[in-house]
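Structure first, commentary second.
The values are calculated or read from the model by the stated rules, or taken from the named source; none is laboratory data. All figures in this text were calculated on a predicted structure; none of them were measured in a lab. Virtual Cβ from ideal backbone geometry, glycine too; neighbours counted across all protein chains shown.
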Amino acid sequence: MKSFPIFINLIRKPVLVVGGGDVALRKIDMLLRADASITVVASKICKELQHYQKSKKIIVKIKEFDESDVKKSILIVAATDNKKVNTLVSKVAQTLNIPVNVVDEPSLCTFTMGSIIDRSPLLIAISSEGNAPVLAKFVREKIEALIPHSFGKLALVMGSMRDIIKGRYETTQSRRIFWENFIDHPLVRQFLNQTKKLTSQQLITLVKKSGIQKKQGEVFLVGGGPGDPDLLTFRALHLMQRADVCVYDKLISKDVLNLVRRDAELIYVGKERDRHTLPQEKINQLLVKLAKKGMRVLRLKGGDPFIFGRGGEEIEMLMENKIPFQVVPGISAANGVSSYAGIPLTHRDYAQSCTFVTGHMKDESLTLEWQSLAKPNQTIVIYMGLLALSQICVELIKHGAPKGLPIAVVEQGTTSQQRVVTGALSNIAQKVKREKLKSPSLIIIGNVVQLRKKLNWFN
């Protein structure tokens, strides 16, 4: 982040705009919505600005720009078609430490104007830091479609209640929980959807009467997917933003973890071979302990929590202790990683079934149903099997699988660090060793692997 986003109060504050054409007009329209006191300096102005001048919305000075024009201005916008003038405006403003924006000249700006979604008093500004204004506009249009106009009215209602709620709830956390529950209240939803005609005061009164109590602790068991944050579900994102504390594993990518609410406490319980930060039993107890404190606990797991994620063990403990919980499935590693590697798990010409197994070794040995896994016309997906790769290949060949059976090993699948090594049972171990692949890696075995040559789209 090169630019720090801020919102500045311009009500009746002196703002200078240099330029009188259509570009200046667009900036002036935005500044007028902020109730700024605008002075325009230009050699000539367009018809719309003439109208603004007559209606006394702006002050206009028909003249060439000079240094004296910036006096008392707290903000300056240069919007002329003359680069020399724009450069001079920028130089003068920066010398006096006055924030300046030069339209379409990021190098001359000390601030930029984002693409704005206005649901006053709720405001959203989107910026590309001057690199791609069309992209910022595109993103604004996408977000704008998701934000009802009634959110502005709701923001005003909530603003009118702040002092009341502050008096009732002593801590920041308790007030935050109240507001989150308030937004989810049926009356508020009716208010937003206009299914019930309520005035702001009626809404406040009804909510007061019905009461909104602090909910008891709860656990959100959420699948974080295979790594790419774009693969998270909407439900997962919603709960990630509501959590008071996040208990997460090693397989959670940094990009996914960054989407957890910023002020949530983060507790790492990652499990690695021969080194567990917390044993599973302790993790189960931790979830119960945190929930009993009245906290909303996000249990964030890589992939899907019910596919080799021991999610079932965790909710058993929650049920025994009568802790409310929700489960949000995630895109599994097998599903996501194989797709990003360009390897379909099934294909009518190559595989009519798919088997998921764990390659986790106990006491340096791996016990699987080798005879069944060695059968043809299927795909085998092996989780946590990188260290046992040589043994896996030996056993499959020993039990009848052909030495030339295609196999792929995918490291950090779905992320920008994804690496894929393909080969055959007879040589994959040597290839992986040479490429120095590390965990997390997924193993895919079967004739479907050869389709990667045609279907590879990600890297």
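Taking the criterion of being closer than 19 Å to MET1 by Cβ and buried (at least 17 other Cβ atoms within 10 Å of the Cβ), the only residue of segment 140-162 that qualifies is ARG140. For the criterion of being touching a residue at least 24 places away in the same chain (Cβ under 8 Å) and polar (S, T, N, Q), SER73 passes. The set of residues in segment 1-56 being touching a Lys or Arg at 6+ places or on another chain (Cβ under 8 Å) and farther than 24 Å from VAL85 by Cα consists of ASP35 alone. With the condition kept exactly as written, say whether any residue in segment 107-114 is modelled with pLDDT of 90 or more and touching a Cys at 6+ places or on another chain (Cβ under 6 Å). No: segment 107-114 contains no residue that is modelled with pLDDT of 90 or more and touching a Cys at 6+ places or on another chain (Cβ under 6 Å). If you take the residues of segment 317-359 that are polar (S, T, N, Q), in the same structural domain as SER439 (by TED's automatic domain parsing) and part of a strand (DSSP E or B), which of them is nearest to GLY385 (Cα to Cα)? Among residues in segment 317-359 that are polar (S, T, N, Q), in the same structural domain as SER439 (by TED's automatic domain parsing) and part of a strand (DSSP E or B), the one nearest to GLY385 (Cα to Cα) is THR358. In segment 211-261, which residues are free of Cβ contacts under 8 Å to residues at least 12 places away in the same chain and among the charged types (D, E, K, R)? Hits for segment 211-261 are ASP230, LYS254. Out of all the residues in segment 10-36, which are buried (at least 19 other Cβ atoms within 10 Å of the Cβ) and outside any loop (DSSP other than H, G, I, E, B)? VAL15, LEU16, VAL17, VAL18, ALA24, LEU25, LYS27, ILE28, LEU31, listed by residue number. For segment 383-459, the helices (runs of 4 or more DSSP H) that sit wholly inside it and include 3 or more residues that are crowded, with 21+ Cβ neighbours inside 10 Å are 389-398. Does at least one position in segment 39-57 carry a residue that is in contact (Cβ under 8 Å) with a residue 40 or more places away in the chain and either in contact with a helix residue (DSSP H, G or I) (Cβ under 9 Å, 6 or more places away or on another chain) or assigned by TED's automatic domain parsing to the domain that holds ILE98 (or both)? Taking every residue of segment 39-57 in turn, none turns out to be in contact (Cβ under 8 Å) with a residue 40 or more places away in the chain and either in contact with a helix residue (DSSP H, G or I) (Cβ under 9 Å, 6 or more places away or on another chain) or assigned by TED's automatic domain parsing to the domain that holds ILE98 (or both).
If the condition is being surrounded by 14 or more Cβ atoms within 10 Å (Cβ to Cβ) and assigned to a loop (DSSP other than H, G, I, E, B), then segment 360-374 contributes HIS360, MET361, LEU366, LEU368, ALA374. The residues of segment 246-263 that are assigned to a strand (DSSP E or B) and more than 17 Å from the chain's Cα centre (by Cα) amount to a single one, VAL247. Set side by side, the residues ILE165, ILE124 differ, and just one is part of a helix (DSSP H, G or I), without any contact (Cβ under 8 Å) to a residue 60 or more places away in the chain and among the hydrophobic types (A, V, I, L, M, F, W, C), which is ILE165.
When ASP163 is tested against the conditions (1) modelled with pLDDT of 85 or more; (2) closer than 22 Å to ARG261 by Cα, the lone failure is (2). Taking segment 207-232 as the range and being modelled with pLDDT of 65 or more and over 30 Å from ASP255 (Cβ atoms) as the test, only GLN216 passes. Just one of the listed residues (LEU108, LEU31) is aliphatic (A, V, I, L, M), within 33 Å of the chain's Cα centre (by Cα) and closer than 30 Å to GLY152 by Cα, namely LEU31. Residues considered: ARG419, ARG452. Of these, the only one that is under 20 Å from CYS354 (Cβ atoms) and charged (D, E, K, R) is ARG452.
Residue-by-condition table, conditions (1) buried (at least 18 other Cβ atoms within 10 Å of the Cβ); (2) at pLDDT 95 or above:
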{"residue": "GLN280", "(1), (2)": "no, no"}
{"residue": "LEU300", "(1), (2)": "yes, yes"}
{"residue": "LYS322", "(1), (2)": "no, no"}
{"residue": "TYR340", "(1), (2)": "yes, yes"}
{"residue": "TYR350", "(1), (2)": "yes, no"}
